[in-house]
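Report on the following structure.
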Amino acid sequence: MARLKDKLAEKIQMWREEIRSLVKEYGDRKISEVTVKQAYGGMRGVKALVCDTSVVPPDKGLILRGIHISELKNKLPEEVLYLLITGELPDEEGLEDIKSELNRRKEVPEYVWKVLEAMPKDSHPMAMFSLGILSMERESVFRREYTKGIKKTEYWEPTLEDCLNLLARLPSLAAGIYRMRFDKGSRIDPDPNLDWAANYAHMLGVPDPSGEFKNLMRLYMVLHSDHEGGNVSAHTCHCVGSALSDAYYAVSAGLNGLAGPLHGLANQECLRWVISIKEKFNGVPTEEQLRQFAWDTLNSGQVIPGYGHAVLRVTDPRFEAFHEFGKRVCPDDVYFRIVDLIFKVVPGVLKEQGKAKDPWPNVDAASGCLLYHFGVTEFEYYTVLFGVSRAMGMCSQLIVSRAIGEAIERPKSVTTEWIKQEVAKA
Ligand code: CMX
């Protein structure tokens, strides 16, 4: 029983049973506490959400359904999607099933292009991407079935349909936006013989005689696919989805969060910094010049982009995977050499400064220079690439959430006056 839907149906019975008994037996057991600092500080570290698709231990980095990301870097995104949704990697039949499911659903409705063409020419590619998805909401199978009146235990089925339809169309949608927004000529039709990520690479229209750009896209899509449930995009998607808004509403909302400079937009800042180094030193600087440049950045009150993390306390294994790819494919590229030198110099500078809890590179520190190497030089587009990949995680989390029947989110907010009274009591 390797087909995605059958496998998921089998797993859902088990998950529901497990959660039912956990809540029955330990429903009142405390798993977290909240301090005043956390209430004002983005709820950092408060354990109040469940996400079974992935976990990020601070000393290890991303683990998807029990498998460390470093062991998944040679997999196809389709395999990772199957893993995220069901908790298991597919066998050959399962992989063929998910590939053909995505392939047969990949057509983007014509009206979506008309909506995007009507947007002002200087619209941000993320606004176009999010709106493109939202404009397809009329296609929602979940909304149609819900209106007809399906049972709560069946919600996951039309949600799975919506998510597969949506994910299947994202490469065409995102590539079409790239070509439209950056005057690259007409859209390129998908090639039914290519896998999901390679097709995305193909439709972007980037010259790829060696096939390595397709490999980069496969890796990129795997590495960015999911990162727990508490980050802004995942949490937003979960929160909107918890109102039983369908996948189009929920994923579009999550992407709006990804568009923020403290979240997905950081990757464009990172490459900007690398390019400014190349321009200042007319190539690769010496270690000493770079150390001084890093200090100048810090002393001017800015952060070093691509370094530090809210959760991680080691080099991000996703950075390591990109770094390895760069060493293999473009070791002499000037931007890659600068990224490599930054990795040697910056952790020491950040440690010496002593502010950042994590002085190590995150995923954004290396991805941009690789895209740049292949000619994707439009920074503003980078978050869309991130979004296509992260939609896999958002959709998987949404399907699982429907499957286990999670409730609508409604944490309790308090006033500053209430906090003042509360601390006064103590
Ligand atoms: N350069 C300089 N200072 C940094 C820093 C960096 N790369 N990373 C953290 N710091 C500073 C913080 O600004 C903070 O300073 P203040 O006390 O003056 O406010 C102090 O160190 C402590 O911060 P932290 O607890 O270590 O980091 P946070 O959890 O608050 O923030 C992050 C995490 C990613 C926003 C931060 O490290 C940063 O701004 N990094 C650069 C931008 C970046 O690379 N973002 C991509 C994130 C990737 C992802 O989310 O996956």
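The values are calculated or read from the model by the stated rules, or taken from the named source; none is laboratory data. Since the model is a prediction, treat every value here as computed from it, not as a measurement. No Cβ is skipped: glycine too gets one built from the backbone with ideal geometry, and neighbour counts run over all protein chains shown. These area figures cover heavy atoms from the full protein model, side chains too; ligands, DNA and RNA do not enter into them. Shrake-Rupley method; radii C 1.70, N 1.55, O 1.52, S 1.80 Å.
Whole number in Å², please: accessible area per residue of the range 266-373, 1.4 Å probe, ligands, DNA and RNA not counted.
Each residue of the range 266-373 exposes 44 Å² on average to a 1.4 Å probe.
At a 1.4 Å probe radius, carbon and sulfur cover how many percent of the accessible area of the range 266-373?
Here it works out to 47 percent.
Take the Cβ-Cβ distance between R44 and F281 as r, set R0 to 35 Å, and report the resulting FRET efficiency rounded to the nearest 0.05.
Calculated value: 0.40.
Heads up, I need the accessible area for D332: 1.4 angstrom probe, whole protein in place, Å², nearest 10.
Counting only protein heavy atoms, the figure is 130 Å².
If DNA, RNA and ligands are ignored and the probe is 1.4 Å, what is the ranking of T286, T159 by accessible area, most exposed first?
Heavy-atom accessible area, descending, gives T286, T159.
If you filter the range 144-204 for trypsin sites (Lys or Arg not before Pro), then keep DSSP loop positions with at most 14 other Cβ within 10 Å, what is left?
Taking the range 144-204 and a limit of 14 other Cβ atoms within 10 Å, the loop trypsin sites (Lys or Arg not before Pro) found are K151.
Ordering K24, K99 from largest to smallest accessible area (1.4 angstrom probe), what's the sequence?
Descending accessible area places them as K24, K99.
Would you kindly derive the ³J(HN,Hα) couplings of the range 78-93 from the backbone phi angles with the Karplus curve 6.51 cos²θ - 1.76 cosθ + 1.60 (θ = phi - 60°), listing them in order in whole Hz, with x for Gly and Pro?
4, 5, 5, 4, 4, 4, 4, 6, 9, x, 9, 6, x, 7, 4, 5
Starting at the first residue of the range 407-420, write each ³J(HN,Hα) from the Karplus equation 6.51 cos²θ - 1.76 cosθ + 1.60 with θ = phi - 60°, in whole Hz, x for Gly and Pro.
Working through the residues one at a time gives 7, 4, 6, 7, x, 8, 9, 10, 8, 4, 4, 4, 5, 4 Hz.
Would you give the gap between the C-alpha center of the range 93-115 and the C-alpha center of the range 133-150, rounded to a whole Å?
Each part's Cα centre sits 17 Å from the other's.
Using Cα pairs closer than 8 Å and at least 6 residues apart in sequence, work out the relative contact order for the chain, in percent.
Computed value for the chain: 22 percent relative contact order.
Multiply the residue separation of D28 and E422 by 0.36 nm, subtract the distance between their alpha-carbon atoms, and state the gained length in nm to one decimal.
139.6 nm
Leaving out ligands and nucleic acids, note down the accessible area per residue over the range 141-245 with a 1.4 angstrom probe, in whole Å².
Dividing the accessible area of the range 141-245 by its residue count gives 38 Å².
Starting from 0.36 nm per residue, how many nanometres of slack lie between L194 and W15 once their C-alpha separation is accounted for?
61.0 nm
What is the ratio of the Cα radius of gyration of the chain to 2.2 N^0.38 Å, where N is its residue count, to two decimals?
1.01
Going from most exposed to least, what order do S367, S186 have by accessible area with a 1.4 Å probe?
Correct descending sequence by accessible area is S186, S367.
Every cysteine in the chain with no other Cys Cβ under 4.7 Å from its Cβ, please list them in numeric order.
C51, C237, C239, C270, C330, C369
Taking all protein chains as present, what is the carbon and sulfur share of the accessible area of the range 43-113, in % to the nearest whole number, probe 1.4 Å?
Looking at the range 43-113 in its full context, I get 49 percent from C and S.
How much length is gained if the chain between E92 and R3 is pulled fully straight, taking 0.36 nm per residue apart and subtracting their Cα-Cα distance, in nm to one decimal?
Taking E92 through R3 to full extension adds about 31.0 nm, to one decimal.
Can you give the FRET efficiency for T147 and I408, using 1/(1 + (r/R0)^6), R0 = 22 Å, r = Cβ-Cβ distance, to the nearest 0.05?
About 0.75, to the nearest 0.05.
Could you run the Karplus curve 6.51 cos²θ - 1.76 cosθ + 1.60 with θ = phi - 60° over the range 154-166 and give me ³J(HN,Hα) per residue in whole Hz, x for Gly and Pro?
9, 3, 5, 5, x, 5, 4, 4, 4, 5, 5, 4, 5
Compute the relative contact order of the range 1-75 as a whole-number percentage, counting only Cα pairs closer than 8 Å that sit 6 or more residues apart in sequence.
Once divided by the residue count of the range 1-75, the mean separation gives 13 percent.
When the accessible area of the range 205-257 is split by element with a 1.4 Å probe, what percent falls to carbon and sulfur?
Answer for the range 205-257 is 57 percent, counting heavy atoms of protein chains only.
In this model, which of K5/K73; K11/K151; K151/K412; K114/K184; K37/K425; K60/K357 are farther than 21 Å apart at the alpha-carbon?
Check vs 21 Å cut-off fails for K5/K73; K151/K412.
What is the Cα centroid distance between the range 209-237 and the range 4-83, reported in whole angstrom?
One Cα centre to the other: 18 Å.
How large is the accessible surface per residue of the range 1-61, computed with a 1.4 Å probe and reported in Å² as a whole number?
Spelled out: the 1.4 Å probe surface of the range 1-61, per residue, equals 77 Å².
Can you give me the solvent accessible area of I342 with a 1.4 Å probe, rounded to the nearest 10 Å²?
I342 exposes around 10 Å² with every protein chain in place.
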